Every structure is written in C-alpha cells, then in structure tokens.
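Undergrad: The structure is given below, and queries will be raised subsequently.
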Amino acid sequence: MAKKGRVFSGIRPTGRAHLGNYLGAFKNYVALQDDYECVYCIVDLHALTTVEDTLGLKQNTYELAIDLLAAGIRPEETILFVQSHVPQVTELHTILSMVTPLGKLTDLPTFKEKVRQNPNNVNYGLVGYPVLQAADIALYKSDLVPVGIDQAPHIEFTREAVRSFNYRYNTNVLIEPQMKAAEVPKVLGIDGKEKMGKSLNNTIEIAATPEETRKRVMLMVTDPQRIKRTDPGNPDVCNVFSMHKVFTPQADVERINMECRRAGIGCVDCKKIYAENLNKALGPFRAKRAEIAAQPDLVPSVLADGARRARAIAEKTMEEVRAAIQLP
Ligand code: TRP
Ligand code: SF4
C-alpha cells in the first residue's frame, strides 16, 4: 500500500522509559507505521547539550532502542537509528545556522527554560539545539513530526529555517514539515500534579516488574479532598481515575466512577485494580522486551542497518543542498 508521506521523530536517550513516554510517544510512533514511512532517531548528540557524564549514554541508547522495538517498532519497514551514526546532520546544522538569526534562538521559551534550569552550563550547543533538530527533520525531507505540544516552538522554528534556506538559495530542496501533536491526555506523575518526568522522580517505569509497578501505583496521589475512607471521592480530579480510563475496561471504569462518588470503593482497592490492569496491559511489552534483551547482537545490528538506510537518504539530500548553495 502506498504510504502517505514520511514521518520523522527524535527521542532523547535519557534513561528508563516511563508511562508518559509510552502513552505520549511510543504508542503514537508505532501506530504511524501503518500509514507512513517512518524514521525514528535516538538523538544522542542532542543529549550532549545537557548530559555532563557520557558514561551511561551508550547504555541508555541501547535501552531506548529495546523499548521502541518491544513497543512495536518494526525495523524491517521503519528506519530506527542513532543520530551520531549519520554525520550529515551536523553538516546541515552548520548550513542552517547561517540562515538563523541568533536572537530567534535565545528568545525561544525552551532555551530560556534550559538556562533557568542550568545557569552554569549555557553552552553554544544548547543555543543551537533547535537548529540541530531542524537539521534532523529537514535532512530526511520529513512531512510530519509527531511530538509533544512542548515542542511546538521547535517545529515552528524548523519551518522558518527551511523557508529561509529555500529563499536564500532560491531552491525548494528542503521541505516544510507539519507538527502532529499526540492525541493522548497528558500523563501526570504519581504526585498527581506535575507531568510525569524523570527529573521529578514521579514516574512509573514501564520495564519495571509487576511488583515494583504495584508499589509505585500505591504511592499515587488521589483526590486530595478525600481524607477518610468514608469520604466520597471525586474521580474528575483524580489521577488514578484518569489512568483507569486508559487501562481499565469501560464497564469497570463506570462502576469505579459511581462507587467512588458514594464512598463505595476505597482508594487502596481502586489502586490495586489499576495496578493489575496496568500490569496486564504492559505484559506483552515486558515479555517482548525480555526476549530482545536476551539477544545482545540484535539491537546493534538493527541500529547499524537503520544507520545505513538513513545515511543513503541523508547523503542524497546533502548533495542537493550543496548544489543549491553552489558550494565549490
Ligand atoms: N527536542 C526533542 C525533545 O526534546 C527531541 C528531538 C530531537 C526531536 N530532534 C528531533 C523531535 C526531531 C522531533 C524531531 O523531545
Ligand atoms: Fe481516585 Fe479511585 Fe480513590 Fe476515587 S476511589 S479518589 S477514583 S483512587
């Protein structure tokens, strides 16, 4: 079947994947394979902007590849590769940097946030982060970029960089991508307040054992107004309930909704049901993950093959780019 176009996304190798990654990104990446030609890139160079100790970088990259494969990425069709294995991206980064006003980069909310978090390490690479991202996307002539809504400024920046390049060199070799925001609800951490994220230590890791998962679920904050077991609860403000809607059969969700409101069910029992359903849903992923991890040659060979296929596309784009600029 003819595919509708090319999807590209980059994923930072930041460590063990959590439920937010799984629902917000992985599931989406997997589903897009049915309709699009997909290129997924583990962005180790981007990670260098904030990672000071690169000791875990290789391990994290492999772990992420295992997660993606276990979640259902099909490497026979989809190109899965590591950013630094295709050095053409750094060349396009340099070229795009020439059509990028510096102020545009330092004005980005994502940059300001990084400066706030890390005032002592405002490196040049951090300023250029979106240019490298634009190079990622443009190098593969991507039509669609599935990302979280927080990445909207970077996708808009990419569109502008592509337009500026094409205008400056009077060409149309680069393509303006569209953003595709994930259609999943924002996944909150066990605190029930902040978005689930590694730095906040509020995650539920998807590769954890069922027992570890249960323990984390039992720590989840529920309706803060519900103090005593006999208090009625309000599922509308409860993060456990939001997750039931994702993992629990519809009839049970409705029952929990009613029982909670009349104090017919307690939060402890409610969480036990959620933990069980979550473990059941993650079962096939975990089984596949263990299977892949037991074959140590598999991931390196998948990534090598992905890099080969990615390089072929990248080099062709760069030949067109160099020709458009009339580089000698
Ligand atoms: N900046 C993205 C993030 O923080 C990661 C990323 C790098 C990316 N290159 C990309 C996303 C290209 C989409 C397309 O999540
Ligand atoms: Fe949330 Fe369930 Fe407790 Fe109701 S019973 S407040 S839905 S955890």
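The values are calculated or read from the model by the stated rules, or taken from the named source; none is laboratory data. Predicted, not measured: the structure shown is a model, and the values here were computed from it. Here the Cβ is made from the backbone with ideal geometry for all residues, glycine too, and neighbour counts use every protein chain on show. Remember, those area values only see protein heavy atoms, side chains included, never the ligands or the DNA or RNA. Shrake-Rupley method; radii C 1.70, N 1.55, O 1.52, S 1.80 Å.
Undergrad: Return one number: the angle in degrees, 0 to 90 and rounded to the nearest 10, between the long axis of the Cα atoms of helix 267-293 and the longest principal axis of the Cα atoms of the chain.
TA: 40
Undergrad: Skipping prolines and chain starts, which residues have an amide H placed within reach, meaning under 5 Å, of the one on Arg12, given they are 5 or more residues away or on another chain?
TA: Val43
Undergrad: Can you find, among Leu96, Asn60, Ala70, the residue sitting farthest towards the positive end of the charge dipole of the range 13-102, where Lys and Arg contribute +1 and Asp and Glu -1 at Cβ?
TA: Asn60
Undergrad: Once the dipole of the chain is set up with Lys and Arg at +1 and Asp and Glu at -1 on Cβ about the Cα centre, which of Cys267, Gln83, Asn170 lies farthest towards its positive end?
TA: Cys267
Undergrad: Something else: Classify the chain: rounded, prolate or oblate, from the alpha-carbon gyration tensor (a ≥ b ≥ c, eigenvalue square roots; a/c under 1.5 rounded; otherwise prolate if a/b is larger than b/c)?
TA: It is prolate, given that a/c is not under 1.5 and a/b is the larger ratio.
Undergrad: Let me have the 222 nm mean residue ellipticity of the chain computed from DSSP H runs of 4+ only, each contributing -39500 (n - 2.57), with the sum over all residues rounded to the nearest 500.
TA: So the calculated ellipticity at 222 nm is -15500 deg cm²/dmol.
Undergrad: Follow-up question, since we're still on this one. Considering Cα pairs under 8 angstrom that are at least six residues apart, work out the relative contact order of the range 208-290 and quote it in whole percent.
TA: After rounding, I find 34 percent.
Undergrad: Also: Relative contact order for the range 112-219: what is it in percent, counting Cα pairs under 8 Å that are at least 6 residues apart?
TA: Details: 102 pairs, mean separation 22.3, N = 108.
Reported relative contact order: 21 percent.
Undergrad: Still on this structure, I have one more. What is the helix-to-structure angle for 57-71, meaning the angle in degrees between its Cα long axis and the longest Cα principal axis of the chain, kept from 0 to 90 and rounded to the nearest 10?
TA: Tilt of helix 57-71: around 60 degrees.
Undergrad: State the percentage of accessible surface on the chain attributable to carbon and sulfur atoms; use a 1.4 Å probe and exclude ligands, DNA and RNA.
TA: Carbon with sulfur: 54 percent of the solvent-accessible area.
Undergrad: Roughly speaking, what is the stretch gain from Ala31 to Lys198, that is 0.36 nm per residue apart minus the C-alpha to C-alpha distance, in nm to one decimal?
TA: Length difference between fully extended and current span is 57.7 nm.
Undergrad: Next question, about the same structure. On a full-extension model of 0.36 nm per residue, what is the gain between Arg74 and Lys245, subtracting their alpha-carbon distance, rounded to one decimal in nm? Show your work: numbers first, answer last.
TA: Numbers: separation 171, 0.36 × 171 = 61.56 nm, distance 2.78 nm.
Gain in length upon complete extension: 58.8 nm.
Undergrad: Take the Cα of Lys186, step 7 Å along the line toward its Cβ, and report every residue of the range 108-134 whose backbone nitrogen sits under 18 Å from that point.
TA: Counting backbone N atoms under 18 Å from the label point, the list is 109-111, 113-114.
Undergrad: A further question on this structure: Per residue, how much accessible area does the chain have with a 1.4 Å probe, in Å²?
TA: 50
Undergrad: Here is a follow-up. Compute the length gained on full extension between Glu156 and Met218: take 0.36 nm times their separation in residues and subtract their Cα-Cα distance, giving the result in nm to one decimal.
TA: The span from Glu156 to Met218 would gain 18.3 nm if fully extended.
Undergrad: Any idea what angle helix 152-168 forms with the longest principal axis of the chain, computed on alpha-carbon atoms, 0 to 90 degrees, nearest 10?
TA: Approximately 10 degrees, to the nearest 10.
Undergrad: Restricting to the chain, compute how many DSSP beta bridges are antiparallel as a %, nearest 5. Please report the intermediate quantities before stating the final value.
TA: Values: 2 of 17 bridges.
Taking every DSSP beta bridge with both residues in the chain, the antiparallel ones total about 10 percent.
Undergrad: Over all directions, what mean area does the Cα convex hull of the range 208-290 project, stated in square nanometres?
TA: Seen from a random direction, the Cα hull of the range 208-290 projects 5.2 nm² on average.
Undergrad: Treating only the Cβ atoms of Lys and Arg (+1) and Asp and Glu (-1) as charged, compute the dipole magnitude of the chain about its Cα centre; round to the nearest 20 debye.
TA: So the dipole magnitude of the chain works out to roughly 580 debye.
Undergrad: Here's another thing I want to ask about it. So what is the relative contact order for the chain, in percent, with contacts set as C-alpha pairs under 8 Å and at least six apart? Let's see the in-between values first.
TA: On the way: 466 pairs, mean separation 72.4, N = 328.
With pairs under 8 Å counted, the relative contact order is 22 percent.
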